[in-house]
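The values are calculated or read from the model by the stated rules, or taken from the named source; none is laboratory data. Source: prediction; values computed, not measured. Positions of Cβ are generated from backbone atoms using ideal geometry, with glycine treated the same way; all protein chains shown enter the neighbour counts. The protein model used for the area step is the full one, side chains on, heavy atoms only, and it has no ligands, DNA or RNA in it. Shrake-Rupley method; radii C 1.70, N 1.55, O 1.52, S 1.80 Å.
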Amino acid sequence: MRRRLRRAAAFLLVPLSALPLAAVAPAVAPSVERRLDELRGTVEQAAPPAPTRTEPTNR
Amino acid sequence: MADRAMRVVAAVYLAALLALAVAYHGLWFDEVAGDTLFAVYGAVVVSYIVSRFLLSLPYRPPRDVGHEPRVAVVMPAFNEQRVIARSLRSLLALDYPVDKLELVAVDDGSTDATLARMREVADESPRVRVIELGRNQGKRAAMAAGIRATDAEIVAFVDSDSSLEPDALRKLVQPFAEADVGAVCGHADVANVDDSWLTRMQVVRYFVAFQVVKAAESLFACVTCCSGCFSAYRREAIVPRLDWWEHQRFLGAPATFGDDRSLTNVVLRGWRVRYASNAVSHTVVPDTLRQFLRQQLRWKRSWTRESLILARFVWRKHPVAALSAYVAIAIALIAPVVAVRALLWLPLVEGRGAPLIYVVGIYMLAVAYGLYYVVRRRTYDPRWVYGIAFCFFYLGFMLWQTYWAILTARSSSWGTRPSTAGRQPALETGA
């Protein structure tokens with residue numbers, strides 16, 4: 001019985017090794033999403049800064 | 001059945017992992033390409049690693065063509081009283097015609113009971129010849145004495161802490177049926193697998209070093225290091241340079257270790273060198289951190305010296321083999337710089353970069369090596385997980401040894417034994 005359990009635990013190592021990758025996924029996913037949007041060209045460009053007023057004020 | 005299922009699961013996971021890595025890399029391709037060092041290094045490393053795996057796939061162990069040359073098996077030993085008798089007995093059990101096989105044990109001035117153990121085995125079987133060097137002269141002197149003591153066409157070397165499968169020698173000599181093969185490297189498995197976490201970590205490393213790297217090199221008959229554990233040489237290929245090799249010097253100091261890589265270079269210059277994955281030896285690997293790190297430092301020092309020699313002639317070999325050899329040297333030299341840049345310099349000094357991505361990349365590579373190990377073995381071995389630990393161990397400790405090894409490449413110090421000429425390694429796989 002114990003041997004079987006150990007063998008089963010050993011076999012679990014393969015799927016378990018994906019855990020660290022799954023753990024960092026939330027840290028990586030947002031940047032992937034952003035990047036995909038960029039590549040699709042759907043990301044909204046930030047509005048350019050308002051030009052500095054150079055004309056004389058109307059007094 | 002369960003083992004087979006596990007191999008399939010591992011293969012699917014490996015494929016998914018590789019696809020993920022390619023897709024992720026593709027997303028940031030133009031960003032990565034903007035950073036010259038990362039772009040070039042990344043492309044070269046990935047190409048090199050993938051090429052090793054791909055080139056190892058068509059590799060097949062040499063077929064038994066019934067070749068039976070006269071062979072002398074030389075086993076040099078220095079202070080190996082614990083294992084020498086067992087190793088010599090494994091030679092006596094070899095399945096090879098007795099009239100074509102000489103067994104030569106060379107005692108390199110041991111201060112323990114090694115010589116007595118050799119004589120015990122020789123008393124049991126007159127087939128074992130014992131040569132005494134008297135005083136400790138070094139492994140090369142012991143090996144050279146063994147070569148000079150015989151006139152066999154093929155000389156095989158077995159480390160004193162390695163034992164052979166009964167059919168190992170027969171399989172090792174088959175490639176010599178080709179007249180232009182000058183040396184053949186046998187396969188080495190870890191014998192003391194469960195001695196410690198460190199020995200378990202070395203299992204996947206040995207697998208990759210032999211079944212992947214040497215198999216890939218063998219495709220072009222250009223194996224760059226015939227492991228000291230178990231290898232054979234054509235007498236004609238080594239005798240002309242035997243004196244030079246025995247007394248090799250580097251930057252004015254005697255080259256006392258790296259005998260295997262050095263002898264391979266001697267042969268590779270003018271002959272073909274192959275790997276026989278079915279000629280299996282079992283070797284004892286270091287089980288303590290101190291012993292292991294010193295062994296690795298020695299290997300890196302001899303790698304430094306022999307890479308300089310290899311680089312001068314390997315361009316004459318097959319273009320793929322030559323390119324691989326130069327790339328392997330370049331990667332080893334640049335890897336520590338890239339690690340510092342990715343993990344420390346970019347995030348701490350320049351305030352950019354993504355060290356997490358670098359570490360995840362290392363993890364994925366380690367898992368890929370481990371899964372490949374699972375896929376290639378008939379039975380499922382959970383020790384593959386230690387291979388993951390090894391990659392981080394490599395990043396934490398061994399990567400940094402490269403420059404220290406280069407700076408101290410002239411050193412002839414063994415590191416773990418008193419500083420005399422004969423502190424030669426029983427373990428020189430030169431990986």
(request) Give the Cα extents of chain B along the principal axes, in whole Å, largest first. (result) 68, 54, 43
(message) If I model the range B:134-249 as equal point scatterers sitting on the Cα atoms and use the Debye formula, what is log10 I(q)/I(0) at q = 0.11, 0.16 Å⁻¹?
(response) -0.43, -0.88
(request) Sort B:M364, B:M118 from largest to smallest accessible area, using a 1.4 Å probe on the heavy atoms of the protein chains. (result) B:M364, B:M118
(message) From the protein chains alone at 1.4 Å, what is the descending order of accessible area for B:H187, B:H318, largest first?
(response) B:H318, B:H187
(request) Round to the nearest 10 and give me the degree value, 0 to 90, for the angle of helix B:355-376's Cα axis relative to the longest principal axis of chain B. (result) 50
(request) Using only the alpha carbons of the range B:279-389, determine the length spanned along each of the three principal axes and report them from longest to shortest in whole angstroms. (result) 52, 42, 33
(request) Rounded to the nearest 0.05, what FRET efficiency do B:I331 and B:R82 give with R0 = 25 Å and r taken as the Cβ-Cβ distance? Could you check? (result) 0.10
(request) Determine the sum of side-chain charges near B:V121: Lys and Arg each +1, Asp and Glu each -1, restricted to other residues whose C-beta is under 10 angstrom from that of B:V121. (result) +2
(request) Before rounding to the nearest 500, sum -39500 (n - 2.57) across all DSSP H runs of length at least 4 in the protein assembly as shown and divide by the residue total; then give [θ] at 222 nm in deg cm²/dmol. (result) -16000 deg cm²/dmol
(request) Name the long-range amide H neighbours of B:I131: under 5 Å, sequence gap of 5 or more, or other chain; modelled H, no Pro or chain starts. (result) B:A105, B:V106, B:D107
(request) For B:K317, go through the lysines and keep the ones whose alpha-carbon is under 28 Å away, minus same-chain ones fewer than eight residues off. (result) B:K171, B:K214, B:K300
(message) Can you compute the modelled spin-label distance between B:N192 and B:L54, with each label point 7 Å from Cα toward Cβ, in nm?
(response) 4.0
(request) Just add up the charged neighbours of B:R377: K/R +1, D/E -1, any other residue whose Cβ is under 12 Å from the Cβ of B:R377. (result) +2
(request) Note down the accessible area of B:C225, probe 1.4 Å, to the nearest 10 Å². (result) 0
(request) Enter the per residue convex hull volume of the range B:9-79, computed from alpha-carbon coordinates, in Å³ rounded to the nearest integer. (result) 239
(message) Please compute the Kirkwood hydrodynamic radius of the range B:213-364 from all pairs of different C-alpha atoms, in Å with one decimal.
(response) 17.9
(request) Take the Cα atoms of the range B:246-336, build their convex hull, and give its volume per residue in Å³. (result) 152
(request) Find, among the trypsin sites (Lys or Arg not before Pro) in the range B:354-416, those assigned to loop by DSSP (not H, G, I, E, B) with at most 13 other beta-carbon atoms within 10 angstrom. (result) B:R378
(request) Give the share of C-alpha pairs in each 5 angstrom bin for the range B:1-155, from 0 to the last occupied bin, in whole percents, shortest bins first. (result) 2, 8, 11, 12, 9, 7, 6, 7, 9, 10, 9, 6, 3, 1, 0
(request) State to the nearest 20 debye the size of the charge dipole of the protein assembly as shown about its Cα centre, where the only charges are +1 on K and R beta carbons and -1 on D and E beta carbons. (result) 380
(request) Please list the radius of gyration and Dmax for the range B:83-136, considering alpha-carbon atoms only, with Å as the unit. (result) 11.3, 34
(message) Defining a contact as two alpha carbons under 8 Å apart and six or more residues distant in sequence, what relative contact order in percent does chain B show?
(response) 22
(message) Projecting each Cα onto the charge dipole of the protein assembly as shown (Lys/Arg +1, Asp/Glu -1 at the beta carbon, about the Cα centre), which of B:L365, B:A43, A:L16 comes out farthest on the positive side?
(response) A:L16
(request) Kindly provide the trypsin sites (Lys or Arg not before Pro) of the range B:262-366 that DSSP labels as loop, not H, G, I, E or B, and whose Cβ sees at most 16 other Cβ atoms within 10 Å. (result) B:R352
(request) Would you mind computing Rg(Cα) / (2.2 N^0.38 Å) for the protein assembly as shown, counting N as its residues? (result) 1.13
(request) Please average, across the residues of A:11-24, the number of beta carbons from any other chain that are within 10 Å of each residue's own beta carbon, and give a whole number. (result) 5
(message) Just want to confirm a number: the relative contact order over the range B:309-386, from Cα pairs under 8 angstrom separated by 6+ residues, in percent.
(response) 13
(request) Rounded to whole Hz and in sequence order, give me ³J(HN,Hα) for the range B:125-137 from the Karplus expression 6.51 cos²θ - 1.76 cosθ + 1.60, θ = phi - 60°, writing x for Gly and Pro. (result) 9, x, 5, 8, 9, 10, 10, 9, 7, x, 10, 5, 10
(message) Can you give the local net charge around B:I388? Use residues other than it whose beta-carbon is closer than 13 angstrom to its beta-carbon, Lys and Arg +1, Asp and Glu -1.
(response) +3
(message) Could you report the accessible area of B:Y358 in Å², rounded to 10, computed with a 1.4 Å probe on the protein chains as they sit in the structure?
(response) 50
(message) Can you tell me the length gained on complete extension of the stretch A:A9 to A:V28, counting 0.36 nm per residue apart and subtracting the Cα distance?
(response) 3.9 nm
(message) Please list, by residue number, everything in the range B:293-320 whose backbone N is under 15 Å from a paramagnetic label point 7 Å out along Cα→Cβ of B:W404.
(response) B:293-302
